[in-house]
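Visitor: Take this structure, written in structure tokens, and hold onto it; I'll ask about it next.
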Amino acid sequence: MKTRRIGKTKLEVTEISFGAAALGGLYRACPREQAIDTLQAAWDSGIRYFDVAPWYGLGLAERRVGDFLRDQPDRSYVLSTKVGRLLRPVPTGTVPDYSYVDPLSFDADYDYSYDGIMRSVEFSYARLGLNRIDILYVHDLGVYTHGAAKNAVHQKQFLDSGVKALEELKSSGAISAFGLGVNEVPVCLDVMRHSDLDCILLAGRYTLLDRSAVAELLPLCRQKGTSLVVGGVFNSGILATGPVPGSHFDYMPADDDVLAKVGAMEAIAKTHGVPLAAPALQFPLREAIVASVLIGTAKPSSLTRNMEIVEPRLADEIYAEFEPYTLVAPPLGAEAVRV
């Protein structure tokens, strides 16, 4: 599989990467054997960049990803995990409902400070059972997760001290890159005004449907040499399933406007003889600052099905037909920088 560079670093990642949230039991149980089989399917498909977080299954996904990667050749993969939450043990059966089924018996506290980030990294090493983490993302900073008042506190904590931890870890060679792992554009713009980032894992905001990142974030990333790793390319599933009953957009049931727009997009895809998931998966890779598209599943069959639509690449001309149905239209005349 082709690789692309992360920011100004020497780190190269595969164009398609694997996100491990579902391996932590997101929305439905994921037995260990199934998790390992899914990771093996990703590996067999050529994926060599794996992303995980302490939050996923409250430590469960990190354990599973570590168990799998431990058996792979050294330096044959790239691994990212996240900081910003510290796990603490709780009595069995008292884990709050965070939409993870059968998580480990921990709860999470937000901590974006220098000490919190350093402790989080050490805990991740232990859960992973690995001696290397390539990329650290600051997880879920922003109003989307915390609300305005709490985010102001968390963001100040990060900018005042947390970013220093990441800079030290990078300068020491402990990590190769750092950035944000978020679901919104504004926090990216805020942080980038104060700190240089190697990369941003942005979920759901640079997709065939949602172009929230186009107006300000993409130009700023180009200016600063910051890469995007794009997650949530199916916008919570609707760009994979189409506008079927019960389909979701942005983690919520899709409203009539979204259903209509996706229906129109699905009809366009059919005229070109491809499922809507194909242009949805390929769309971000047309942009030069996008280093990788992250896909996540807990089923080997789903992983294989998604990989079958990565190639052949669709013609650029096709994408213009989808533009009238985007939720946040690109500025007039804006075009992706071709790779």
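The values are calculated or read from the model by the stated rules, or taken from the named source; none is laboratory data. From a predicted model like this one, the values you see are computed outputs, not experimental measurements. All Cβ positions, even for glycine, are placed from backbone atoms using ideal geometry, and neighbour counts span all protein chains on display.
Visitor: Of the conditions (1) of a type outside the set (A, V, I, L, M); (2) farther than 28 Å from A165 by Cα; (3) surrounded by 16 or more Cβ atoms within 10 Å (Cβ to Cβ); (4) more than 19 Å from the chain's Cα centre (by Cα), T38 fails just one. Which one is it?
Guide: (4)
Visitor: Separate question: Cβ-Cβ below 9 Å, separation at least six or inter-chain, first residue in region 62-73 and within 15 Å of A298 (Cβ to Cβ) and free of Cβ contacts under 8 Å to residues at least 40 places away in the same chain, second in a helix (DSSP H, G or I) and not hydrophobic (A, V, I, L, M, F, W, C): which pairs?
Guide: F68/Q40
Visitor: Right, here's the next one. Does S247 satisfy the condition of being touching a strand residue (DSSP E or B) at 6+ places or on another chain (Cβ under 9 Å), of a type in the set (S, T, Y) and free of Cβ contacts under 8 Å to residues at least 24 places away in the same chain? Spell out how you get there, then give the answer.
Guide: Values: touching a strand residue (DSSP E or B) at 6+ places or on another chain (Cβ under 9 Å): yes; of a type in the set (S, T, Y): yes; free of Cβ contacts under 8 Å to residues at least 24 places away in the same chain: yes.
Taking the combined requirement at face value, the residue satisfies it.
Visitor: Taking the criterion of being within 19 Å of G59 (Cβ to Cβ), touching a strand residue (DSSP E or B) at 6+ places or on another chain (Cβ under 9 Å) and not polar (S, T, N, Q), would at least one residue in region 139-152 satisfy it?
Guide: Yes.
Visitor: Filter region 166-194 down to the residues that are buried (at least 20 other Cβ atoms within 10 Å of the Cβ) and closer than 15 Å to L294 by Cα, then identify the one that is farthest from the chain's Cα centre (by Cα).
Guide: Selected residue: L180.
Visitor: Quickly run through region 208-236 and pick out the residues that are over 26 Å from A269 (Cβ atoms), among the charged types (D, E, K, R) and in contact with a helix residue (DSSP H, G or I) (Cβ under 7 Å, 6 or more places away or on another chain).
Guide: E216, K224
Visitor: Continuing with the same structure: Are any of the residues in region 128-148 in a helix (DSSP H, G or I) and within 23 Å of R48 (Cβ to Cβ)?
Guide: yes
Visitor: Would you confirm, using the coordinates I've provided, whether L197 is surrounded by 18 or more Cβ atoms within 10 Å (Cβ to Cβ), touching a Ser or Thr at 6+ places or on another chain (Cβ under 6 Å), assigned to a loop (DSSP other than H, G, I, E, B) and modelled with pLDDT of 95 or more?
Guide: So L197 fits the description; yes.
Visitor: Right, something else. Here are some conditions: (1) surrounded by fewer than 22 Cβ atoms within 10 Å (Cβ to Cβ); (2) free of Cβ contacts under 8 Å to residues at least 40 places away in the same chain. L202 meets all but one. Which one does it not meet?
Guide: Status for L202: all satisfied but (1).
Visitor: To continue, here is another question. Working only within region 185-197, note down all residues that are touching a residue at least 24 places away in the same chain (Cβ under 8 Å) and out of contact with any Lys or Arg (no Cβ under 7 Å at 6 or more places or on another chain).
Guide: Of all residues in region 185-197, those touching a residue at least 24 places away in the same chain (Cβ under 8 Å) come to 185-192, 194-197.
Within region 185-197, P186, V187, C188, L189, D190, V191, H194, S195, L197 qualify.
Visitor: Could you count how many residues in region 126-138 are buried (at least 17 other Cβ atoms within 10 Å of the Cβ) and in contact with a helix residue (DSSP H, G or I) (Cβ under 9 Å, 6 or more places away or on another chain)?
Guide: Total satisfying the criteria: 6.
Visitor: Would you confirm, using the coordinates I've provided, whether T92 is among the hydroxyl-bearing types (S, T, Y) and either over 17 Å from V187 (Cβ atoms) or in contact with a strand residue (DSSP E or B) (Cβ under 7 Å, 6 or more places away or on another chain) (or both)? Can you show your working first?
Guide: On the way: among the hydroxyl-bearing types (S, T, Y): yes; either over 17 Å from V187 (Cβ atoms) or in contact with a strand residue (DSSP E or B) (Cβ under 7 Å, 6 or more places away or on another chain) (or both): yes.
Answer is yes for this residue.
Visitor: Can R85 be described as surrounded by fewer than 19 Cβ atoms within 10 Å (Cβ to Cβ) and either at pLDDT 95 or above or under 30 Å from M192 (Cβ atoms) (or both)? Reasoning before the result, please.
Guide: Working: surrounded by fewer than 19 Cβ atoms within 10 Å (Cβ to Cβ): no; either at pLDDT 95 or above or under 30 Å from M192 (Cβ atoms) (or both): yes.
So R85 does not fit the description; no.
Visitor: So if I check each of S120, S212, S161, which one is of a type in the set (S, T, Y), surrounded by fewer than 20 Cβ atoms within 10 Å (Cβ to Cβ), within 20 Å of the chain's Cα centre (by Cα) and not in a strand (DSSP E or B)? Outline the logic, then answer.
Guide: Numbers: S120 fails: surrounded by fewer than 20 Cβ atoms within 10 Å (Cβ to Cβ); S161 fails: within 20 Å of the chain's Cα centre (by Cα).
None of the others qualify; the one that does is S212.
Visitor: While we're on this one: Could you please find all residues in region 25-41 being touching a residue at least 24 places away in the same chain (Cβ under 8 Å), over 20 Å from D97 (Cα atoms) and not polar (S, T, N, Q)?
Guide: Passing the criteria: R32, A35, I36, D37, L39, A41.
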